[in-house]
Each structure stands twice: as C-alpha cells, then as structure tokens.
1. Could you tell me which residue of segment 84-141 is surrounded by the most Cβ atoms within 10 Å (Cβ to Cβ), considering only residues that are of a type in the set (S, T, N, Q) and within 15 Å of I7 (Cα to Cα)?
2. Would you pick out the residues in segment 37-63 that are under 25 Å from G124 (Cβ atoms), without any contact (Cβ under 8 Å) to a residue 60 or more places away in the chain and out of contact with any Pro (no Cβ under 8 Å at 6 or more places or on another chain)?
3. For K63, work out the one condition from (1) touching an Asp or Glu at 6+ places or on another chain (Cβ under 7 Å); (2) open to solvent by 50 Å² or more (accessible area, probe 1.4 Å) it doesn't fulfil.
4. Just checking, how many residues over segment 11-60 are surrounded by 12 or more Cβ atoms within 10 Å (Cβ to Cβ), part of a loop (DSSP other than H, G, I, E, B) and not β-branched (V, I, T)?
5. Scan segment 178-229 residue by residue and report those that are assigned to a strand (DSSP E or B) and under 16 Å from the mean Cα position of the chain (by Cα).
6. Pairs under 6 Å by beta carbon, first residue touching a residue at least 40 places away in the same chain (Cβ under 8 Å) in segment 121-147, partner loosely packed, with under 11 Cβ neighbours inside 10 Å, six or more apart or different chains?
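The values are calculated or read from the model by the stated rules, or taken from the named source; none is laboratory data. Note that the coordinates shown come from a computational prediction; the quantities given were computed from them, not determined experimentally. Virtual Cβ from ideal backbone geometry, glycine too; neighbours counted across all protein chains shown. What goes into the accessible areas is simple: the full protein's heavy atoms, side chains included, and nothing from ligands, DNA or RNA. Shrake-Rupley method; radii C 1.70, N 1.55, O 1.52, S 1.80 Å.
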Amino acid sequence: MKEIGYIVTNFSEKFGIPRQSGLVETKGKIIFKPEYRTKDAFKGLEKFSHIWILWKFSKSIKKNWSATVKPPRLGGNKRLGVFATRSPFRPNPIGLSSVRLEKIEYDEKKGTILYISGADMLDGTPIYDIKPYLPYTDCHDDARGGFADEVLEYQLEVEFPEELLMTLPMKYRNSVIEILKQDPRPSYIKDKKRVYGVVYANYNIRFRVQDCIAEVLEVQKINCNCSEP
C-alpha cells in the first residue's frame, strides 16, 4: 500500500496517547505527499464532520505476529485473540481512527491540509487513506462491545497545582488534564510511589497515582522537536 501522507501531533512518545481516538480532543493535522495534494481529491469532504483515518503502526512492527495478545485494560495477564482486540501488534500494522474534521485549508507549499481533533497517533505517523464517516451506516445503536463492555471504565481525579498548570500554555492545559484522567498507566501496575511522565508537545508532565487520584508533581520544559499541529 502507498503512504499518502503523515500526521502532525503533540505526541512524541507512545506513553500517554489516548487508548482510542476521540476520547480526548487532542489536535492534529494531516500533511499529504505532493501527488495527493490536489484540491480535487478533497472536493466535498468539507461537508463531513468526521472522517476515518487508516494509518500505519510504524513504531510497533514485529517480525512475527502472535495469534493472542494481552490487552492492557484486562490487567496485562489475560490473553485474547488478536482479531478481538485493537492491539498494534498485528499481521498487518494498520490502525483505524475516527476523528472530528475541524477544517480544511490549502497551503501554497504543503497543499491541502486536514485539521482534526481526537488524534491518537504519534507525531509523524504515516497515513494510508482518508474516508468520510457516514452516521447512517457507521453508527450502530445495537452494537455490543465484547470484553470492552465488561471492563470497568473509570477516570482519575487530577490534582494539578495552579503554579504548575500555569507553566503550560493555555492551549495545552485541557488536553493534558484529559489525558491524565484516562489513566495512561498499564492497568497491572499499582505502585503508588512510582512516578510517570507524559510527554505532550514540549512538556514532560510528571505524576503519580494514589487512590484514583493523579497528582501532578512537576512540569518540565523539554525539546522534543515536535511540529505544531
């Protein structure tokens, strides 16, 4: 398959990326390769509110695939069939995301650019295809969620000291808080003293979790060479 472009996001590391697209309103923009930048290829797309993105698990490729995997939400100790999960370790490293299409712009140098929210991809992730989301057929009211329906969904309470929150640019604050609420830790790790770090844009947010509360301990300014989505 041909890579038609790549996405720009604020995620330079896998840890902290939302487990599913659309869970957090994280921003992104899709830049296309020269042969796919023509305006004609996007004619009519502006009338859709959401799109599907097919993309490549470029950082999760293994030589051999496994028929079973251990979903993190099941504690990392129970195996399910790879085709019953959304694990990145698959026979073909293809990801699928449903995101909101915020706007379409045309740049003289980069051509047509798609701005989206709900991104769950690393910065620079290769894109295979874009398709419009069709509510009348893509939304199923009677759908069942398999093991995902059986796993207790929860959110952490986030304690973010005001003096630390103020060190983040305003445009990043809500996204960082929502990422922490989703609890990016592997569910099988319960060490209350362990300190984690989520890298978002040019900041490393260090935190620990105790009794379902994510306590932000430090915000470090770093240089991750991220482009601005």
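1. Filtering segment 84-141 down to residues of a type in the set (S, T, N, Q) leaves 85, 87, 92, 97-98, 112, 117, 125, 137.
Subsequent filtering for residues that are within 15 Å of I7 (Cα to Cα) retains 97-98, 112, 117, 125.
Numbers: S97: 21, S98: 16, T112: 20, S117: 18, T125: 25.
The extreme case among them is T125.
2. K62, K63
3. Result: K63 passes all but (1).
4. First, pick out the residues of segment 11-60 that are surrounded by 12 or more Cβ atoms within 10 Å (Cβ to Cβ): 11-33, 36-38, 41-42, 45, 48, 50-60.
Now drop any that are not part of a loop (DSSP other than H, G, I, E, B), which leaves 11-26, 33, 37-38, 48, 57-60.
From the residues that got through so far, the ones that are not β-branched (V, I, T) too are 11-16, 18-23, 25, 33, 37, 48, 57-60.
Matching residues across segment 11-60 total 20.
5. Of the residues in segment 178-229, the ones assigned to a strand (DSSP E or B) are 196-200, 203-210, 213-221.
Hits for segment 178-229 are V198, V199, Y200.
6. Going by the 6 Å Cβ cut-off, the qualifying pairs are Y128/M1.
Results for (1) of a type in the set (A, V, I, L, M); (2) touching a His at 6+ places or on another chain (Cβ under 8 Å); (3) under 20 Å from K171 (Cβ atoms), shown as yes or no for each residue.
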site	(1), (2), (3)
S66	no, no, no
K70	no, no, no
L74	yes, no, no
R90	no, no, no
I94	yes, no, no
D107	no, no, no
L114	yes, no, yes
L122	yes, no, yes
T125	no, no, no
